[in-house]
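Structure first, then comments.
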Amino acid sequence: MLSLKSLYLIMSIFVSHNILYSFGDSSYLDDHHNYAPPPPPQLTFTFDAVFGDNMVLQQQPSQAAIYGYLPSTGTSVTVTVIDASNGNVVTTVPANFNMTQQPFGEDWGVRPCSAADCPPYLMNSFTPFGVPLPTFKALLPPMQPGGNFTIIATCEGCNSSVPSLNITLNSVTFGDVWYCSGQSNAWLPVIHTFSRNDTANNITVGKYSNIRLMAGASASVPYAKWPPSYGGSTGSNPWMTAEQAVPADCVTKQNCPLFQLGGTCWYFVQGLADAGVTTPIGILDTAIGGQRIEEYMNNHTINQCTQRLGENIPWWDSQLFGQQILPFVDMTIKGWVWYQGENNMGGTKGNSIANVGYGCMQQVLVQGWRDIWSVVPNTTDKLAPFGLVTLASSGSEGGPNMGAMRWAQTANYGVLPNPAMPNTFLAQAGDLDDPWGPASGPCFGPWFCCGSKYNKTACAGRETLCAPACAADADTASVMGGIHPRNKKPVGDRLAQAAYNTVYGGNAIYTGPTLSSCGVSGSTMIIQFNSTLLRGDTVQVKPFPAFIPPSRFTPLGSGGSQLWVQTNASLFCMEAVCVTNATTGECVKNQEYCPSWAGGDNTTIYPSGVLDSNWILLNYTAASSGIGINVDLTPLQGQVPTATLYLGYLRLL
């Protein structure tokens, strides 16, 4: 039987490689039956894939970029901005040629190549023709937010039949453009979220009118057609206003274009609007399920990190960077939102300072995206804001050390922003498992009270208890179980709260309680949280509930807290690593050590399961100061704590 990861991998390979058949057919083989790209096209004068009517371009102080393709006969291109309200020309700027970034050459691996050269894959080019194509690119002057504009690009020499040729974008406005990506929880469409109908109904009465979106499945390939039409009215992800994305009767039919967009991305900008942001906002999402972080990383930077989770390195690494990311890097944007990590749970979580594992890769991905988006001065800012989401507890895919992963997602600082990742913000999703999902309790099995597997005998006497879970499943079907929580609105709300108070001038709290100090006084351990980051709020401690089927948590994840301590410093290890055979490189059975980057001595070998063990559960209460907790050490009978672990649902008043 295929594992979930295997199924995801097959799905992602299909999505990544269907471009092969979009531009030609299997006849494009050389004499050795290797894939070869089709011959260069007869290029037309066209905007690039990211452009379309109704789009948002980045506002001041940045300069929005307008770019696309043209025939080699083109001699000049100008871009004109017209105020659609009065027909006045706002500006006309000349374009430069061949200034866009395209994925070809050694930087992007050996492409195209045969399965023999890139085992076991047949690797087609990232772009349809495998060679750099003639392009134009113009930078507009910084523009005020809002407005309704027509943008006309004019090419001289692009068509022998006419002296000049025009292409047009209509109903364009200026505001903030946010780019979202990641894997399946960033992909999970609005249709699979609990709040979709409330959102759609609010749009029909005029809310969120400042939001525009590329309404389509995030896994769509930008260059799946040529000429590129991805963001155009006939493309897979056309730009739409919020109102256009919720046409009449679509809620009843459950077919609103809005419902195709990734839920986390939408609820993030919805949260910004709810917080008071009135500037036009444009959003786009390119997430694909079942992918490692390595596939989204720039080949220029990926080798900075060791102990990566490899699948046919180097051919598979950077696959999605070339396919899903690079088509957008010339687009001027406000910032990014990233939600990924599930498929790296089987790898090393690592440490950014030691350049090891996910902790290093998260930092390098952020910096790599900033670097390549900001190559042209005055476009995307070199320190543009970058938001992240930590994994829900259901997102481990069977991998160990979820705590170490969340730590790694912050480059091992535990909070954003930090020195390694400045101008970043964070939504903690550890308590946001699906409150009524199949992974939350026995209503879906072995009681079988819900859905197609309903069993009257097994469910007898439990119908009332399981009614909420069954109703939630009937209203909003889950996707592959609890790994994809359907309560994405709280995730978006937390991202929005963090962004509003770090990016948009708010002065309220933007992060949860962050450890500041820890000390022992008599039989009490006093843990203090950073009062500056609390911004005047206080900590409330909630008791950790017993497991009450069908859900570990009450709706919206309002669970409690637990705290453990160790009393043997030698057992502390953020992440134990197996001892490897010097000849084969395979793990030696039942032998582990703790690397120095994980808090160990890098030498002592322990039986598997000994490191990071012997945690003792203790009770604690909120400190009267409102910025700390007091832990009762009486059960330790005089032993001194050497490490503390808390499962935090410490909430803020």
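The values are calculated or read from the model by the stated rules, or taken from the named source; none is laboratory data. For clarity, every value in this text was computed on a predicted model and none was experimentally measured. Neighbour counts run over all protein chains shown; Cβ positions are idealised from the backbone, glycine included.
At-a-glance table
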quantity: Which listed residue, of T348, T379, T390, is within 19 Å of K137 (Cα to Cα) and of a type in the set (S, T, Y); calculated: T379
quantity: Options V162, V131, V172: the member that is among the β-branched types (V, I, T) and outside any loop (DSSP other than H, G, I, E, B); calculated: V172
quantity: Flag for S171 being in the same structural domain as V337 (by TED's automatic domain parsing), closer than 30 Å to P132 by Cα and in contact (Cβ under 8 Å) with a residue 12 or more places away in the chain; calculated: no
quantity: Which listed residue is in a loop (DSSP other than H, G, I, E, B), modelled with pLDDT of 90 or more and over 24 Å from Q319 (Cα atoms), from T80, T73; calculated: T73
quantity: Any hit, region 379-393, residues being surrounded by fewer than 19 Cβ atoms within 10 Å (Cβ to Cβ), charged (D, E, K, R) and more than 24 Å from S318 (Cα to Cα); calculated: no
quantity: Complete set of residues in region 174-217 that are within 30 Å of G481 (Cα to Cα), touching a strand residue (DSSP E or B) at 6+ places or on another chain (Cβ under 8 Å) and of a type in the set (A, V, I, L, M, F, W, C); calculated: W178, C180, A186, W187, L188, V190, L213, M214, A215, A217
quantity: Residue list for region 149-163, restricted to those being of a type outside the set (F, W, Y) and surrounded by 14 or more Cβ atoms within 10 Å (Cβ to Cβ); calculated: T150, I151, I152, A153, T154, C155, E156, G157, C158, N159
quantity: Any chance V364 is out of contact with any Lys or Arg (no Cβ under 9 Å at 6 or more places or on another chain) and either in a loop (DSSP other than H, G, I, E, B) or under 20 Å from H300 (Cα atoms) (or both); calculated: yes
quantity: Meets criteria (within 29 Å of P377 (Cα to Cα) and assigned by TED's automatic domain parsing to the domain that holds W369) for Q183; calculated: no
quantity: Single unsatisfied condition, S396 versus (1) surrounded by 22 or more Cβ atoms within 10 Å (Cβ to Cβ); (2) over 24 Å from L533 (Cα atoms); calculated: (1)
quantity: Residue check, Q562 assigned to a strand (DSSP E or B), of a type in the set (S, T, N, Q) and modelled with pLDDT under 90; calculated: yes
quantity: Per-region count, region 402-455, residues polar (S, T, N, Q), without any contact (Cβ under 8 Å) to a residue 24 or more places away in the chain and not assigned by TED's automatic domain parsing to the domain that holds Q307; calculated: 2
quantity: Residue check, I333 over 15 Å from the mean Cα position of the chain (by Cα), under 21 Å from V221 (Cα atoms) and aliphatic (A, V, I, L, M); calculated: yes
quantity: Search result, residues across region 421-480 that are in a loop (DSSP other than H, G, I, E, B) and of a type in the set (D, E); calculated: D431, D433, D434
quantity: Residue list for region 164-199, restricted to those being more than 26 Å from S394 (Cβ to Cβ) and surrounded by fewer than 20 Cβ atoms within 10 Å (Cβ to Cβ); calculated: S164, L165, N166, I167, T168, N170, S171
quantity: Qualifying residue in region 581-602 (condition: aromatic (F, W, Y), in contact with a Ser or Thr (Cβ under 7 Å, 6 or more places away or on another chain) and surrounded by 12 or more Cβ atoms within 10 Å (Cβ to Cβ)); calculated: yes
quantity: Region 189-224, residues that are within 24 Å of I333 (Cα to Cα) and either among the small types (G, A, S) or modelled with pLDDT under 95 (or both); calculated: S209, A215, G216, A217, S218, A219, S220, V221, P222, Y223, A224
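Residues checked against (1) at pLDDT below 95; (2) surrounded by fewer than 24 Cβ atoms within 10 Å (Cβ to Cβ); (3) under 30 Å from Q60 (Cβ atoms):
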| site | (1), (2), (3) |
| --- | --- |
| S229 | yes, yes, yes |
| N255 | no, yes, no |
| Q260 | no, yes, no |
| G271 | no, yes, yes |
| A275 | no, yes, yes |
| T278 | no, yes, yes |
| D285 | no, no, yes |
| R292 | yes, no, no |
| G310 | yes, yes, no |
